[in-house]
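The values are calculated or read from the model by the stated rules, or taken from the named source; none is laboratory data. Because the structure is a prediction, the values reported are computed rather than measured. So basically every Cβ, Gly included, is an ideal-geometry build from the backbone, and we count neighbours across all protein chains shown. For the accessible areas, the whole protein counts, side chains as well, though only heavy atoms, and no ligand, DNA or RNA atoms are used. Shrake-Rupley method; radii C 1.70, N 1.55, O 1.52, S 1.80 Å.
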Amino acid sequence: MTKSLSFRLSVLLILYTAAILLIATIAIINATHYHFQLYGDDIMRESNTTDLLNSHLEQAVIQSVGWTIAGALMISFVLSVVIARRISAPLIRMKRLTLVMARGKRDVRLPLQGKPKDEIDELAVAINHLAEQLQQQEQLRLTMTENIAHELRTPLTTLNSYLSAIQDGIWEATPERIQSSREEIDRMVQLVNGLEELHTLTSPEFHLSLRDVRLKKTIEQVFTLVEPSFAEKGISLMKGEIPDITLLADENSLKQIWTNLLSNALKFTPEGGSVTINGQMQAEGVEITVRDTGIGIPTNEIPYIFDRFYRIDKSRNRKTGGGGLGLAITKTLVERHGGQIWAESSEGSLFHVYLPTVGK
Ligand code: ADP
């Protein structure tokens, strides 16, 4: 258990007061004894005992006050060194570090020894955590900018070369070529929409509009929407037992989760394959799985597929039209509901979505 700083300071002040009182008492006892002894010796030689007593008492008081002041000053000095070491020094170090961080350096940390002992240590832990968060955000921002530039460069280069060829009269603007140019534009629109969506979802102002939603119904509605595309590609879409429960959730977000997972399954499953969605109650929630018999995901790639812009086979995915944002959006939506999403690869891919039902 950490002892609070105010507790430690109170103990220190009590000890300080006690030490001064102790010094004062010892000094008074010693000085009085000493001067009474001198008084006893002097009394043999002099006759004016009252004056003698007065003068010895006076000296005894002056001496004990002097010793007490000297003792108090010494303890104050030691105490101020201890307090300065424990409070001012770490605070100065923290101030320096935050100034360095403000100048843009993010890989700096405060040295920590073991578990936090008091509020000062806890503040240091909090500052280190802040530095880590800032560093991660910075890295994310850099990677994002790099990725966006990379994603936009290819369609823009393609469009540019198409238009130049048409302008130079090398190329005729046939309907197919116009269609292919539109596909490039669609890809960019998709990317911008995805980015906008992610931005909205991750902004602190965003709130899900939570209300009672029938889980099974959301899945059935998405099913109806995607079934034609599955039929067109020759993939059978199946639905197992889905628990007919009510969740406190954002209906559109739930539908988007199922749509994203099913459209990925459709994209990455060849003709003749199958995709199955299943549901099962868990201790404090419900788990929905989407299984396909498609190309699967290499085990070493699984940890990254939920990252923004992550695509396993970039060239193939360009053809399938994926921008690499779908699973990042899906994960954010699931987590916004207090749930979890994870994937497995076993003869195709298997995605699990766990949504809590606690409180229902
Ligand atoms: P994309 O828009 O490229 O589909 P996602 O974020 O949805 O982006 O998916 C990221 C990557 O994860 C995909 O590019 C693909 O490589 C892989 N992936 C996602 N779902 C599946 C699946 N069902 N089967 C195989 N690979 C998948």
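Observations
- Across segment 182-191, rounded Karplus estimates of 3J(HN,Hα) from the backbone phi angles (6.51 cos²θ - 1.76 cosθ + 1.60, θ = phi - 60°) give 5, 4, 5, 5, 4, 4, 5, 4, 4, 4 Hz, Gly and Pro being marked x.
- Choice from ASN252, ASN48, ASN147 with maximal GNM fluctuation in the chain (Cα, 10 Å cutoff): ASN48
- Reducing segment 10-35 and segment 126-163 to their Cα centroids gives an inter-centroid distance of 68 Å.
- Relative packing of peptides 255-261, 281-287 - highest average C-beta neighbours within 10 Å first: 255-261, 281-287
- Where only DSSP H runs of four or more residues are counted, the chain gives -21500 deg cm²/dmol as its mean residue ellipticity at 222 nm, each run worth -39500 (n - 2.57).
- Placing unit charges on the Cβ atoms only, positive for Lys and Arg and negative for Asp and Glu, gives segment 172-233 a dipole magnitude near 360 debye about its Cα centre.
- Over the chain, relative contact order from alpha-carbon pairs under 8 Å, at least 6 apart, %: 11
- Among VAL213, VAL334, VAL78, the largest mean-square fluctuation in a Gaussian network model of the chain, built with springs joining Cα atoms closer than 10 Å, belongs to VAL78.
- With the charge dipole of segment 1-75 set up from +1 on Lys and Arg Cβ and -1 on Asp and Glu Cβ about the Cα centre, the Cα lying farthest toward the positive end among the listed residues PHE36, LEU5, LEU53 is that of LEU5.
- The convex hull built on the alpha-carbon positions of the chain has an orientation-averaged projected area of 31.8 nm².
- Of PRO111, TYR310, SER263, farthest towards positive along the dipole that unit charges on Lys, Arg, Asp, Glu beta carbons give the chain: PRO111
- Phi angles of segment 196-203 translate, via the Karplus equation with coefficients 6.51, -1.76, 1.60 and θ = phi - 60°, into HN-Hα couplings of 4, 5, 4, 4, 4, 4, 9, 7 Hz per residue; Gly and Pro are given as x.
- Magnitude of the charge dipole for segment 223-360, about its Cα centre and with charges confined to Cβ atoms of Lys, Arg (+1) and Asp, Glu (-1), is about 560 debye.
- For the chain, size of Cβ-based charge dipole, Lys and Arg +1, Asp and Glu -1, in debye: 420
- With both labels modelled 7 Å from their Cα along Cα-to-Cβ, the ALA70 to TYR310 distance reads 7.2 nm.
- For segment 287-300, Karplus couplings with θ = phi - 60° (6.51, -1.76, 1.60), whole Hz, Gly/Pro x: 10, 10, 10, 10, 10, 10, 9, x, 6, x, 10, x, 3, 6
- Protein accessible area in segment 122-202, 1.4 Å probe - carbon and sulfur %: 57
- LEU350 sits among other residues whose Cβ lies under 10 Å from its own Cβ, and their net charge, with Lys and Arg +1 and Asp and Glu -1, is -2.
- Rounded percent of accessible protein surface that carbon and sulfur make up, segment 226-360, 1.4 Å probe: 49
- Placed amide H near GLY285: partners under 5 Å, 5+ positions off or other chain: THR357
- Summed over the residues of the chain and divided among them, the accessible surface reaches 62 Å² per residue at a probe radius of 1.4 Å.
- Amide H contacts of PHE309 (H built 1.01 Å from N, under 5 Å, at least 5 apart or other chain): LEU325
- Each of the peptides 267-278, 298-309 was scored by the mean count of other Cβ atoms within 10 Å over its residues; in descending order, highest first, they stand as 267-278, 298-309.
- Applying the Kirkwood pairwise sum to the alpha-carbon positions of segment 212-356 produces a hydrodynamic radius of 15.3 angstrom.
- Segment 201-315: relative contact order in percent, alpha carbon pairs under 8 Å with at least 6 residues between: 25
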